[in-house]
Amino acid sequence: MCGIIGYVGKKRALPILLTGLSAMEYRGYDSAGVCVQASGLVRIRAAGKIEKLRERLPPAPLAGTAGIAHTRWATHGVPDEANAHPHMDCHEQVAIVHNGIIENYSELREGLKAKGHTFTSQTDSEVLAHLIESECEEASGLAAIRRALKRVRGTYGIVVIFKDIPQTLFAARMGSPLVIGVGAHEHYVASDPSAILAHTRDVIFLDDGELAAVSSEGVTLAGLDEQPVNKQVERVTWEVETAQKNGNPHFMLKEILEQSAVVENSTRGRIDLIGTRAVLGGLRDVSERLEEIDRIIIIGCGSAYYAGLVGEYLLEELTGIPVEVELGSEFRYRKPIISARTAVLAISQSGETADTLEAVREAKRKHALTLGLVNVVGSTVARETDAGVYNHAGPEIGVASTKAFLSQLSVLALMGVYLGALRGVLPEREAGAVLAALYEIPDQIQMILEGRARISQIVKRHAAMGNCLFLGRKYQAPIAYEGALKLKEVSYVHAEGYSCGEMKHGPIALIDTSFPSVVLCPLDSVFEKTRSNMEEIRARGGKIIAITTDHDAVSSLCEEVIIVPKTLECLQPLLTVIPTQILAYEMAVARGFDPDRPRNLAKSVTVE
Ligand code: F6R
């Protein structure tokens, strides 16, 4: 996700800000910018790498000793210079850097425009600079920021600098991390401790609802509710690389553990206030065509394809539109029958997968409505499709997809509700039930993650396995395929994903006492049938690791039982997939492999 660094002290701010940005490069970004308090606020921004930003710096060094900087990973608006942070108000009185998403930015923006503000970017963040400046008519500094933030809905970690308040940074946090670094006659503010560890290990972590005024000599903390806040300075003992992984040994684990927040971010601002409608601004412009479509074809590769298979069930159930799912690499080599009433939905984390992209181009040639479900804003699939929805999962660094997959499922559920309502086939009550259940998912994910140590013990007992069969039925079949893919990718255990119904048509021949199965068997509409398949495995001496919602319903058939909370059948994959990711991760570690560097794999497959 985006990275923030701010500095105030006695040294020149610019070199410190640039080094801080470089330390956050691992997070992935598409543009960067700095703003230093010199004579006025001097801002320099550039699309692309930090090198591009360095090329834009004025020949004479900037003397200012207070400043803010940002690396952007786009969520609203294409990754260009105008959308890069810092953002400023029209009078260049206030500069801000922002991480997070302002949900009500369009209504705030319209109100400010009516008061004469002109906007220069497409971002939600710019509205904060204008809002704070407009509050300066009534208050100043921290008080103006507090007034502005009380009008904001969404998440933020912000650092603000005013033209007329020298040598002071202001920070505020709601849902997006910020840490203050404490030095001798100098302070830092960053979204990521790795940006400041080269300068200080003494830090104050801000919590949600807290604001800070930071000068070279001290830090004043306060609550959004105007209550005073007192905090101790803590000492960080992590090394930079550990800090980048948020204290975790691997990015894959970090990304698995942040999935609760990922689902929140993917759905944030996309459910109406009453909770019965999905609000997907990215599909608004094509809504008339969406009302007319008679078929959806979902395209993807690897995990994105498996997310599409879950999407097939979801979209058919919620919208009544026939859905097919195709591998990008196969779609274009046959002669797909497509009409102008076909919607082709490309799912891709990177938005650059060559096979998916070529399938989109083939669909466009045949006049289909093309849609993207993409994580990387401004990527080729995002640019070449007619419309789409971003995942908002943040950059995925682990090669094996985890959090992007979960965000794809979240958005597919929202798309189902959106299209079901658009076509008048999903009653408000049912839509409300799906959205209410989706709202519960982050807490339920957290419950599963808290049981990680148990899964790790299970893995240790089975670490010597040479093969593994993953089985699931209906909504759980794609999770079986995804679970098998994850295990083989990072732990090199040979794994097959099968739908339960197909087991008797072949794979059952493999089962013996040394060939274990992971069975996805929540108490859903097909549980009894799945249970029969487990009996069949048992009868052949096969060992079973069950992922279920009810211990007692399966424990007599299994060696190991992993429990996940129960939700609606159509959302259950968002929970059952988590233990499969943990199994794969822990298996890689138990077998001595680095899950962040699986052999032979690339994060983005840009060749066919
Ligand atoms: C599996 C994995 C890959 C990707 C596939 C598509 O863990 O990461 O299978 O899902 O290469 O990539 P994107 O989603 O970028 O199109």
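The values are calculated or read from the model by the stated rules, or taken from the named source; none is laboratory data. Since this is a predicted model, take the numbers as computed values, not measurements. No Cβ is skipped: glycine too gets one built from the backbone with ideal geometry, and neighbour counts run over all protein chains shown. Quick note on the areas: whole protein, heavy atoms, side chains included, nothing else; ligands and nucleic acids left out. Shrake-Rupley method; radii C 1.70, N 1.55, O 1.52, S 1.80 Å.
Looking only at residues in region 150-173 that are open to solvent by less than 10 Å² (accessible area, probe 1.4 Å) and among the aliphatic types (A, V, I, L, M), which one is nearest to Ile5 (Cα to Cα)? Only one residue fits best here, namely Val159.
Quick check on Pro565: is it closer than 21 Å to Lys403 by Cα, within 16 Å of the ligand (Cβ to nearest atom), part of a loop (DSSP other than H, G, I, E, B) and touching a residue at least 40 places away in the same chain (Cβ under 8 Å)? Spelling it out, it is not the case that Pro565 is closer than 21 Å to Lys403 by Cα, within 16 Å of the ligand (Cβ to nearest atom), part of a loop (DSSP other than H, G, I, E, B) and touching a residue at least 40 places away in the same chain (Cβ under 8 Å).
Scanning region 503-514 for residues that are among the aliphatic types (A, V, I, L, M) and open to solvent by less than 30 Å² (accessible area, probe 1.4 Å) turns up Met503, Ile511. Number of residues in region 390-412 that are crowded, with 24+ Cβ neighbours inside 10 Å, under 8 Å from the mean Cα position of the chain (by Cα) and over 11 Å from Thr267 (Cα atoms) equals 3. Applying the set (1) within 16 Å of the ligand (Cβ to nearest atom); (2) under 19 Å from Val564 (Cβ atoms); (3) not small (Gly, Ala, Ser) to Ile448 leaves exactly one unmet item: (1). Out of all the residues in region 314-327, is one or more within 13 Å of the ligand (Cβ to nearest atom) and open to solvent by less than 10 Å² (accessible area, probe 1.4 Å)? No: zero hits. Here Ser517, Ser532 are screened, and the one residue that is of a type in the set (Gly, Ala, Ser) and open to solvent by 10 Å² or more (accessible area, probe 1.4 Å) is Ser532. In summary, Ala213 fulfils each of the numbered conditions (1) in contact (Cβ under 8 Å) with a residue 12 or more places away in the chain; (2) loosely packed, with under 12 Cβ neighbours inside 10 Å with the single exception of condition (2).
Quick check: anything in region 236-253 modelled with pLDDT of 95 or more, assigned to a helix (DSSP H, G or I), within 16 Å of the ligand (Cβ to nearest atom) and more than 28 Å from Leu357 (Cβ to Cβ)? Within region 236-253, one or more residues are modelled with pLDDT of 95 or more, assigned to a helix (DSSP H, G or I), within 16 Å of the ligand (Cβ to nearest atom) and more than 28 Å from Leu357 (Cβ to Cβ).
Considering region 174-201 alone, what residues qualify as being part of a strand (DSSP E or B) and open to solvent by 50 Å² or more (accessible area, probe 1.4 Å)? Within region 174-201, just Met174 meets the criteria. Of all the criteria given as (1) touching a strand residue (DSSP E or B) at 6+ places or on another chain (Cβ under 9 Å); (2) open to solvent by 80 Å² or more (accessible area, probe 1.4 Å); (3) more than 22 Å from Ala13 (Cα to Cα), the one not satisfied by Gln227 is (1).
In this structure, Glu255 does satisfy being surrounded by 17 or more Cβ atoms within 10 Å (Cβ to Cβ) and either touching a residue at least 24 places away in the same chain (Cβ under 8 Å) or farther than 30 Å from Leu149 by Cβ (or both). Elements of the type strands (runs of 3 or more DSSP E) sitting completely within region 290-383 and holding at least 3 residues that are farther than 23 Å from Ala480 by Cα: these cover 342-348, 369-374. Name the single residue that is farthest from Asn265 (Cα to Cα) among those in region 68-80 being crowded, with 23+ Cβ neighbours inside 10 Å and touching a His at 6+ places or on another chain (Cβ under 7 Å). This residue is His70.
What are the pairs, 6+ residues apart or on separate chains, where a residue within region 324-337 that is at pLDDT 85 or above has its Cβ under 6 Å from a residue that is part of a helix (DSSP H, G or I) and within 13 Å of the ligand (Cβ to nearest atom)? Pairs that qualify, where the first residue is at pLDDT 85 or above and the partner is part of a helix (DSSP H, G or I) and within 13 Å of the ligand (Cβ to nearest atom), are Val325/Gly308; Val325/Leu309; Leu327/Tyr305; Gly328/Asp355; Gly328/Thr356; Gly328/Ala359; Ser329/Asp355; Phe331/Ala359.
Would you mind finding the one in Val399, Val344, Val374 that is among the hydrophobic types (A, V, I, L, M, F, W, C), within 15 Å of the ligand (Cβ to nearest atom) and closer than 17 Å to Arg289 by Cα? Walk me through how you get there before you give the answer.
Details: Val399 fails: closer than 17 Å to Arg289 by Cα; Val374 fails: closer than 17 Å to Arg289 by Cα.
Going through Val399, Val344, Val374 in turn, the sole match is Val344.
I need the full set of residues from region 377-396 which are away from the ligand (no atom under 12 Å from the Cβ) and acidic (Asp, Glu), in order please. Those that are away from the ligand (no atom under 12 Å from the Cβ) and acidic (Asp, Glu): Glu384, Asp386. Number of residues in region 45-63 that are open to solvent by less than 20 Å² (accessible area, probe 1.4 Å) and either modelled with pLDDT of 95 or more or over 24 Å from His187 (Cβ atoms) (or both) equals 1.
Residue-wise test of (1) in the same structural domain as Asn265 (by TED's automatic domain parsing); (2) in contact (Cβ under 8 Å) with a residue 60 or more places away in the chain; (3) assigned to a loop (DSSP other than H, G, I, E, B).
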residue: Leu53; (1), (2), (3): no, no, no
residue: Leu57; (1), (2), (3): no, no, yes
residue: Ala63; (1), (2), (3): no, no, yes
residue: Gly67; (1), (2), (3): no, yes, no
residue: Glu92; (1), (2), (3): no, yes, yes
residue: Ala95; (1), (2), (3): no, yes, no
residue: Glu110; (1), (2), (3): no, no, no
residue: Asp124; (1), (2), (3): no, no, yes
residue: Leu131; (1), (2), (3): no, no, no
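Yes or no, residue by residue, for (1) assigned to a helix (DSSP H, G or I); (2) open to solvent by 30 Å² or more (accessible area, probe 1.4 Å); (3) under 20 Å from Ala172 (Cα atoms):
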{"site": "Leu18", "(1), (2), (3)": "yes, no, no"}
{"site": "Ser22", "(1), (2), (3)": "yes, yes, no"}
{"site": "Ala32", "(1), (2), (3)": "no, no, no"}
{"site": "Ala82", "(1), (2), (3)": "no, yes, no"}
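Kindly indicate whether any position in region 300-312 is more than 16 Å from the ligand (Cβ to nearest atom), under 21 Å from Ala477 (Cα atoms) and outside the structural domain of Ile102 (by TED's automatic domain parsing). There is at least one residue in region 300-312 that is more than 16 Å from the ligand (Cβ to nearest atom), under 21 Å from Ala477 (Cα atoms) and outside the structural domain of Ile102 (by TED's automatic domain parsing).
Criterion first (away from the ligand (no atom under 16 Å from the Cβ), more than 25 Å from the chain's Cα centre (by Cα) and either closer than 17 Å to Ala463 by Cβ or open to solvent by less than 10 Å² (accessible area, probe 1.4 Å) (or both)) does Ile547 satisfy it? Before the answer, list the steps.
Working: away from the ligand (no atom under 16 Å from the Cβ): yes; more than 25 Å from the chain's Cα centre (by Cα): no; either closer than 17 Å to Ala463 by Cβ or open to solvent by less than 10 Å² (accessible area, probe 1.4 Å) (or both): yes.
Considered against the rule, which asks whether it is away from the ligand (no atom under 16 Å from the Cβ), more than 25 Å from the chain's Cα centre (by Cα) and either closer than 17 Å to Ala463 by Cβ or open to solvent by less than 10 Å² (accessible area, probe 1.4 Å) (or both), Ile547 comes out as no.
All of (1) open to solvent by 80 Å² or more (accessible area, probe 1.4 Å); (2) within 16 Å of the ligand (Cβ to nearest atom); (3) touching a His at 6+ places or on another chain (Cβ under 9 Å) hold for Ser266 with one exception: (1). Exactly one residue out of Ala584, Ala553, Ala509, Ala588 is part of a helix (DSSP H, G or I), over 22 Å from the mean Cα position of the chain (by Cα) and within 16 Å of the ligand (Cβ to nearest atom): that is Ala588.
What do you reckon, is Leu438 farther than 19 Å from Pro595 by Cα and crowded, with 23+ Cβ neighbours inside 10 Å? Yes.
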